[in-house]
Structures are given as structure tokens and as C-alpha cells.
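Below: one structure, written as C-alpha cells.
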Amino acid sequence: MNVLIAEDEKDIRNLIKIHLEENGYTVFTAADGLEALEIFRNNSINLGIFDVMMPRLDGFNLLRKIRETSQMPVIFLTARVNEMDKVLGLGLGGDDYLVKPFSMAELIARVGAHLRRNYEYSETNQLRKSQLSIGRLSLDEDGCCIYVDGTLIELSAKEYLILQFLIKNPDKVFTKKQLYRQVWEEDHYYDDNTIMVHISRLRNKLEADPRNPEYIKTIRGIGYKFHIPKVP
């Protein structure tokens, strides 16, 4: 994990760097806010430790710049105990606040806690992005699988690809030939019956009543579409 320290007091900056490196972190250091901003823009930084009072660009304005593109955790360090400073820092999007002098062990513990929390949040968000939930169905694109009412449904590769394509294009009508081209990526050996068989199998696996499908609708004389049922 990469940590950026922005602190104009060299002794404090170096002391924090040594302790972080002893705990396995890769550390970048800056003596002022503008230097820190340049490091941030040119490296992958996972967490920032910023002094509030710094030359050229203070910690609060450094955070404002960073929050334009990143939600990484930021811990403020300050020699001031003014409560309004703390309120301002947290209000700008800071995640934590330590008043000097502080315990180095406490700082290291807070760094670890914020990185774990941020990692878990990112993982949860990524999982949500990979899942599409529609009514009783849940499509997991990372796992290439489908759940109905929370139960995993076995699909063939072609069945999955047809369903994925339809789900990602809701209420848009596709001909059998368009579906065949999309999934089989060819049209030289197009067979009308192939799509009909795969749609029938999908309905049998997904629909509560395959004869009156809720999701995969037939548009007579044209083809099929995926319908998103209205929530009562």
C-alpha cells in the first residue's frame, strides 16, 4: 500500500516515514502541499497523511484538489486544537484527525484501519457493479452465472451469453438472426431453430411459468426482448 506524507517539519515527516516502512508500507514524502499534489497526480496513492499548516498549499486546500478525482482516506495532522479546524477538515472529506504530539503507534493503527475499511468498501462496490438484479433474477458478470431467488441456475455458455445480452439491453427487440450473430459471432450457418431452442431452455430454467414468460418476451414476427417487470 502506498502512503503519501505531506508535512513541512522534516523530523516529523521522516519519523512517520520510518515507522510506516517498518510496517510494510511504501511511503512518498512531500514538504508542502504543491509537492504532495504533484506526487499524488503521478503515483497510485492509497492513503494521505497531511499536515494542516503547510507552505504554498495547506492541507485543507490539498484535500480539496485531491477530492476532485479520488476518495482515498486522508488523515490530518495539526498542532492546533481548535474544534472548528477539525470540523472543517472532516467536512471537506477528511477521514481522521490527530493533534500533535500524537502517538506513533496510534497513527499506524489508524492508517491500517482506514486502509482496511477503504479496501472493503471498494470490494463491495466492485461486487455491486458486477451484479445486475432484476426482479427474481441476479446476473453475476464476474462469475458468469445467474441466480433465481438466490439459487444458482446451471446455464450453458450460449444460454448465459444470450441472457446477458438481453438483460443488458432491456425492452429492446432483437431478431433471431441478431441474437445468433451476437452470441455465435457468425451468420454463415445461421439456424432459426437454434435460437428458439436456447430461448425455450432459458425460459424453462428462469421463468415461474415458461408458457407465460415474465422476462423473455416473444415479439411475434420479429424476435425477442428482455422485459423488466414493474415493481408492485
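FYI, it's all coordinate maths here, none of it is from the lab. Please read all numbers here as calculations on a predicted model, not as lab measurements. Here the Cβ is made from the backbone with ideal geometry for all residues, glycine too, and neighbour counts use every protein chain on show.
Data overview
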| read-out | value |
| --- | --- |
| Taking Arg203, Arg117 and counting other C-beta atoms within 10 Å, the order from fewest to most | Arg117, Arg203 |
| Label-point separation in nm, Phe165 to Asp191, each point 7 Å along Cα→Cβ | 1.7 nm |
| Coil-residue trypsin sites (Lys or Arg not before Pro) of segment 1-64, DSSP, other Cβ within 10 Å capped at 16 | Arg56 |
